[in-house]
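Data block below; observations after.
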Amino acid sequence: MLKYDSFYFQCPHCQAWLEGRNLKAELVNEAILYSDGKVLNDNLITTPQKMILCPSCGHSFWVEHPEEPFITYEKPEAEIYSWNTWRFFGINFSDNKGKMALVNHYKTFLKKSHYDPKKEIYLRRFLWWAYNDLHRNHQHIRLKYFLNGFMSYGVWRCNRRMLLEGEKLFIKNYKDFIENLKRLLALLEKHPEEQIDLEVPEIYRELRQFDKAKELLEKVGSRTHFTNEMLRHSKWKDARVFMVTG
Ligand SMILES: [Zn+2]
């Protein structure tokens, strides 16, 4: 059974048709939550993609409220660019080159134009996640993950090499990562209605301002596994993104 409902929309510049997908929530087997708020369902990010780069003409456009008539659920009688050709700008995430390409796309969008705060928050949040993708699941480099039998030795070694290389790239781009995070934090503090869950304490933690992160987390009314884990990592002075549940 298909896990998605397809919808179709047109590039406002060249009128090419693109296929979009909505995940059917009831068919999600496995959701993974990371400390930076990124959620993966069956290994795919489900946050809707609002910035789109047309695979036909290269025009970038914003889809804020996908509604008819801009969007149709009926398959048009025309050639259609499948979801994979434009989703995350057609990038292949199986290596660090693809991950860096995603970082560079967001950086280019941010440089190219001036956005209202809501859009800038969206782009900076995705840029933050894209940087974190370079060393997300860093714990998998440990031998334990091979010994637990989650992966074969070959897969584990290959994955380990990619994670170590990703960590190097993360360090190399650390200044830009921090700059983006500081700007995102300033925007979110000015526009609290745009904040997602524990995003602000998480940003302080990733900025290595552990005391501020702890202070904010201790103010959170109801303690959850998420707040407890973030407190633990703040106490350890660990600033790396981590998996909360999965
Ligand atoms: Zn186009």
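The values are calculated or read from the model by the stated rules, or taken from the named source; none is laboratory data. Predicted model only: the values in this text are computed from it and were never measured. Every residue, glycine as well, gets a Cβ built from its backbone with ideal geometry; the counts of neighbours run over all protein chains shown.
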#### Entry: Among residues of the stretch 96-124, those that are loosely packed, with under 13 Cβ neighbours inside 10 Å and in a loop (DSSP other than H, G, I, E, B), counted
3
### Query
In this structure, does Ala213 turn out to be closer than 19 Å to Tyr34 by Cβ, at pLDDT 95 or above and not in a helix (DSSP H, G or I)?
no
### Message
Going residue by residue through the stretch 66-75, is there one that turns out to be of a type in the set (D, E, K, R), modelled with pLDDT under 90 and within 23 Å of the chain's Cα centre (by Cα)?
### Response
no
### Query
Going through the stretch 32-63 one residue at a time, which ones are away from the ligand (no atom under 16 Å from the Cβ), part of a strand (DSSP E or B) and within 23 Å of Tyr115 (Cβ to Cβ)?
Ile45
#### Entry: Condition met for Phe170 (out of contact with any Phe, Trp or Tyr (no Cβ under 6 Å at 6 or more places or on another chain) and among the hydrophobic types (A, V, I, L, M, F, W, C))
yes
### Task
Inspect the stretch 15-22 for any residue being more than 16 Å from the ligand (Cβ to nearest atom), under 21 Å from Trp129 (Cβ atoms) and modelled with pLDDT under 85 and give the result as yes or no.
yes
### Task
Count, please, the residues in the stretch 172-229 that happen to be aromatic (Phe, Trp, Tyr), within 19 Å of Arg125 (Cβ to Cβ) and in contact (Cβ under 8 Å) with a residue 24 or more places away in the chain.
2
